[in-house]
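Reviewing the structure listed below.
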Amino acid sequence: MITLYQFRHSAFCLKTRMALHAKKLQYRVEEVTPGIGQFEIFKLSGQKQVPVIVDSNDQVINDSSTICEYIDKKNENNPLFPEDPILFAQCKLIEDWADTTMASTCRKALIKSAIENPQLRTALLPDEMPTSVKSIVDKLPFENLSKISNVVLSSKDNLELQKLLEALSKSLINKKYLVGDSLSIADISIAAQLSLIKFPKSAGPILSGEGSQEYINNPYLENLFIWRNNLEEYLFSANSQ
């Protein structure tokens with residue numbers, strides 16, 4: 001069985017979990033504690049980033065894109081990458097954009113929201129952290145940081161991402177998938193990064209629906225979040241295993 005080493009709220013770890021479910025591969029999760037737990041990841045994989053998977057043959061693979069390519073070849077059912085070269089190129093372009101430009105801006109939007117919202121800030125802390133420590137973090141004076149929250153996410157980056165996401169949302173009104181007529185890595189990559197601006201049900205009851213209010217309250221993105229929720233529900237349902 002595959003072992004997935006992850007941070008619970010990492011969009012790239014969510015991407016990996018979604019891909020594993022799409023490929024109907026059994027796996028177990030090892031939650032990594034930020035900081036000290038990353039030393040174990042370094043000993044395992046030679047670097048400190050997650051996700052990392054260890055296959056039953058003891059093969060160690062890091063980086064979500066590399067992992068997705070590996071598991072796609074491991075199981076030929078439900079391919080994540082289309083055979084058609086044009087559709088394949090479209091999927092790779094969308095995956096690359098989601099993993100870089102979109103990921104960077106969504107991460108900044110989440111940081112901005114966490115600075116401004118103490119409840120969100122506390123909810124993002126690791127489950128292993130004692131409640132007493134979480135309460136201390138909740139009471140830290142973040143007032144001065146809130147003044148620079150707009151510096152974290154520039155207006156230009158924010159507007160550009162919203163326009164692109166609005167275009168994606170519109171394109172999915174009468175479509176189930178972003179590329180072609182079946183689930184692909186393009187869908188999984190976009191859906192995973194959306195978790196940073198509006199947490200899905202898989203994030204748990206405390207975080208579900210939370211995130212960046214500017215994106216959550218944008219009516220033109222409602223269809224995109226519905227699409228994401230439906231995709232997650234399908235992938236994480238018992239029938240998808």
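The values are calculated or read from the model by the stated rules, or taken from the named source; none is laboratory data. Being a predicted model, the structure only gives us computed values, none of them experimental. Positions of Cβ are generated from backbone atoms using ideal geometry, with glycine treated the same way; all protein chains shown enter the neighbour counts.
Counting just the residues of region 182-209 that are part of a loop (DSSP other than H, G, I, E, B) and buried (at least 18 other Cβ atoms within 10 Å of the Cβ), which one comes out modelled with the lowest pLDDT? Walk me through how you get there before you give the answer.
Keep residues of region 182-209 that are part of a loop (DSSP other than H, G, I, E, B), which gives 182-184, 195-197, 199-200, 204-209.
Adding the requirement that they be buried (at least 18 other Cβ atoms within 10 Å of the Cβ) leaves 183-184, 195-197, 199-200, 207.
Details: 183: 97, 184: 98, 195: 97, 196: 96, 197: 97, 199: 96, 200: 95, 207: 92.
This residue is 207.
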**Item:** Yes/no for residue 226 being in a helix (DSSP H, G or I) and of a type in the set (A, V, I, L, M, F, W, C)
**Value:** yes
